[in-house]
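Below: the structure, in structure tokens.
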Amino acid sequence: MLFGKTLDRQLGNRPKEIKFCTKCVVSSQRPRITFDEQGVCSACRYAYEKHNLIDWDERERQLRDLLDRFRSKDGSYDCLVPGSGGKDSSYVSHQLKYKYGMHPLTVTWAPFEYTDIGWKNFLNWKDSGFDNLLCFPNGQVHRKLSRLAFELLGDAWEPFAYGQKAYAFHMAIKFKIPLIFYGESGEIEYGGSTRNKDKPYEDPDDWRELYYKGSGIDELLQHGLEADLFSKEEIANNPLMFYRQPDPEALRNLGCQMHWFSYYKKWVPQENYYYSVENTGFQANPEHSEGTYSKYASLDDKQDGFHFYLAFIKFGIARATSDAAHEIRDGHITREEGVALVKRYDGAFPARHFQWFLNYLGISEGEFWDIINMYHELSPHVWKKVDGQWKLRRNVWGGGVDD
Ligand SMILES: [Zn+2]
């Protein structure tokens with residue numbers, strides 16, 4: 001290890017008591033999630049509103065009003081849709097163009113390394129009728145940032161997240177396209193901060209807390225300098241602008257607005273999947289993804305499995321928990337079925353791309369496990385070492401050390 005410490009401030013905010021939602025399978029460890037007095041999580045509460053209380057006809061009117069204000073008369077771009085060509089961005093862009101007569105420019109911040117199925121889906125997306133700007137960040141810089149983030153934030157995926165958020169806003173300024181459409185608000189749909197629940201957009205001021213986990217690229221670079229991973233010249237000679245939030249003044253001058261499609265349309269991932277298969281040539285994986293039972297979400301990047309695996313180490317819940325939780329909320333499966341799926345799949349090691357991951361970060365297998373072990377040790381309320389093996393203290397099916 002280079003540092004033997006973490007900068008992830010979310011870790012200190014985890015409640016020490018682990019409890020599971022009485023309606024779905026998520027636990028109190030999910031960052032920013034809250035539980036009410038009946039033990040129901042904020043995502044389930046929102047799901048109830050979504051399926052029972054929200055007037056979706058009224059939201060449809062709001063969407064049409066918004067689009068009427070922004071739609072171009074001369075066929076020029078009038079909105080940006082950031083995405084990967086997965087089921088969600090395919091659905092959003094296709095709806096905007098073909099149902100609502102908008103002229104979207106799609107923009108993609110490239111994954112660390114495309115999987116075959118991810119690349120195919122990306123190509124099929126643009127072939128279904130979209131202009132696309134695909135941005136690959138500098139491979140040397142990105143690799144080093146990932147190496148730093150893996151150790152310091154417990155997630156090598158972080159540099160991707162910075163660009164995924166910021167790149168679209170830079171392009172909005174560059175091409176003077178003020179309207180940006182993201183798919184769903186993960187904070188609201190999957191459990192997290194609910195402060196933006198009743199509005200269709202979020203403010204750039206929210207970014208630091210929600211996307212940068214209280215940290216950011218400059219902190220990573222500083223540590224990279226200390227560890228001689230970066231030289232001063234290397235940092236000075238690379239613009240690194242797509243990792244950073246653009247100038248708020250430029251966004252204000254443009255009148256930039258970022259809206260969630262999920263505010264206007266009831267967001268049901270399984271339906272986005274069916275829609276994108278039919279309309280944009282989207283294909284699911286023939287086999288389920290490691291660590292979950294689903295075949296149609298988060299398919300495009302060889303790194304994805306490690307993002308979810310590290311969540312498992314830090315929070316004790318991972319990809320199957322997340323997939324099962326929202327399928328329970330959407331009424332596709334029962335809680336009992338969800339619990340069984342979590343028991344069977346959650347936290348499985350992403351072996352398929354392990355060698356690739358080590359090579360990408362330039363670390364040995366020993367270093368990998370040292371870092372994983374450090375995050376176990378940083379989570380003593382989640383894990384207990386029994387006979388040299390880390391065991392979950394509590395899990396949703398009740399077989400944990402403390403259950
Ligand atoms: Zn819940």
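A few notes on this one:
- Glu327 meets the conditions (1) within 16 Å of the ligand (Cβ to nearest atom); (2) part of a helix (DSSP H, G or I); (3) open to solvent by 60 Å² or more (accessible area, probe 1.4 Å) in every case but one. The failed one is (3).
- The one condition from (1) of a type outside the set (Gly, Ala, Ser); (2) over 25 Å from Gly129 (Cβ atoms); (3) open to solvent by less than 30 Å² (accessible area, probe 1.4 Å) that Phe282 does not meet is (2).
- Filtered residues of region 356-397 (kept if exposed (fewer than 14 other Cβ atoms within 10 Å of the Cβ) and in contact with a helix residue (DSSP H, G or I) (Cβ under 9 Å, 6 or more places away or on another chain)): Gly362, Ser364, Glu365, Lys385
Here's the yes/no breakdown for (1) at pLDDT 95 or above; (2) within 30 Å of Tyr48 (Cα to Cα); (3) within 23 Å of the chain's Cα centre (by Cα):
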| position | (1), (2), (3) |
| --- | --- |
| Ser294 | no, yes, yes |
| Phe315 | yes, yes, yes |
| Ile328 | yes, yes, yes |
| Phe349 | yes, no, yes |
| Ile372 | yes, no, yes |
| Val401 | no, no, no |
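- When residues of region 298-324 are limited to those that are out of contact with any Lys or Arg (no Cβ under 7 Å at 6 or more places or on another chain) and not in a helix (DSSP H, G or I), the one farthest from the ligand (Cβ to nearest atom): Lys302
- Scan region 162-186 for residues that are touching a Leu at 6+ places or on another chain (Cβ under 6 Å) and part of a loop (DSSP other than H, G, I, E, B) and the total you get is 2.
- Near pairs, Cβ below 7 angstrom, 6+ apart or cross-chain, from region 329-340 (closer than 11 Å to Val396 by Cβ) to any residue that is more than 13 Å from the ligand (Cβ to nearest atom) and part of a loop (DSSP other than H, G, I, E, B): Val339/Trp397
- Region 187-211, subset surrounded by 18 or more Cβ atoms within 10 Å (Cβ to Cβ) and in a loop (DSSP other than H, G, I, E, B), residue modelled with the highest pLDDT: Pro200
- Contacts under 6 angstrom Cβ, first residue in region 13-31 being open to solvent by 40 Å² or more (accessible area, probe 1.4 Å), partner more than 15 Å from the ligand (Cβ to nearest atom) and not aliphatic (A, V, I, L, M), 6 or more apart: Lys16/His381
- The single condition among (1) open to solvent by less than 20 Å² (accessible area, probe 1.4 Å); (2) under 22 Å from Leu299 (Cα atoms); (3) of a type outside the set (Val, Ile, Thr) that Leu67 does not satisfy is (2).
- Cβ-Cβ under 9 Å pairs, at least 6 apart or on other chains, region 247-268 side within 15 Å of Leu179 (Cα to Cα) and assigned to a strand (DSSP E or B), far side open to solvent by less than 70 Å² (accessible area, probe 1.4 Å) and β-branched (Val, Ile, Thr): Gln257/Ile180; Met258/Ile180; His259/Ile180; Trp260/Ile188
Each row is one residue, and each column tells you yes or no for (1) within 16 Å of the ligand (Cβ to nearest atom); (2) closer than 23 Å to Gln270 by Cα; (3) of a type in the set (Asp, Glu).
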{"position": "Gln38", "(1), (2), (3)": "yes, no, no"}
{"position": "Glu49", "(1), (2), (3)": "yes, yes, yes"}
{"position": "Asp68", "(1), (2), (3)": "no, no, yes"}
{"position": "Arg71", "(1), (2), (3)": "no, no, no"}
{"position": "Tyr91", "(1), (2), (3)": "no, yes, no"}
{"position": "Lys99", "(1), (2), (3)": "no, yes, no"}
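- Any hit, region 103-111, residues being of a type in the set (Phe, Trp, Tyr), closer than 30 Å to Leu361 by Cα and in contact with a Pro (Cβ under 9 Å, 6 or more places away or on another chain): yes
- Selected residue [among the aliphatic types (A, V, I, L, M), open to solvent by less than 50 Å² (accessible area, probe 1.4 Å) and at pLDDT below 95] from Leu220, Leu179: Leu220
- Boolean, Ile333 is closer than 25 Å to Leu153 by Cβ, assigned to a loop (DSSP other than H, G, I, E, B) and within 16 Å of the ligand (Cβ to nearest atom): no
- Residue in region 118-130 that is within 16 Å of the chain's Cα centre (by Cα), closer than 23 Å to Tyr273 by Cβ and among the hydrophobic types (A, V, I, L, M, F, W, C) present: no
The values are calculated or read from the model by the stated rules, or taken from the named source; none is laboratory data. Computed from a predicted structure; not experimentally measured. For neighbour counting, all protein chains shown are included, and Cβ atoms are generated from backbone atoms with ideal geometry for every residue, glycine included. Surface areas here come from the heavy atoms of the whole protein model, side chains and all, with no ligands, DNA or RNA. Shrake-Rupley method; radii C 1.70, N 1.55, O 1.52, S 1.80 Å.
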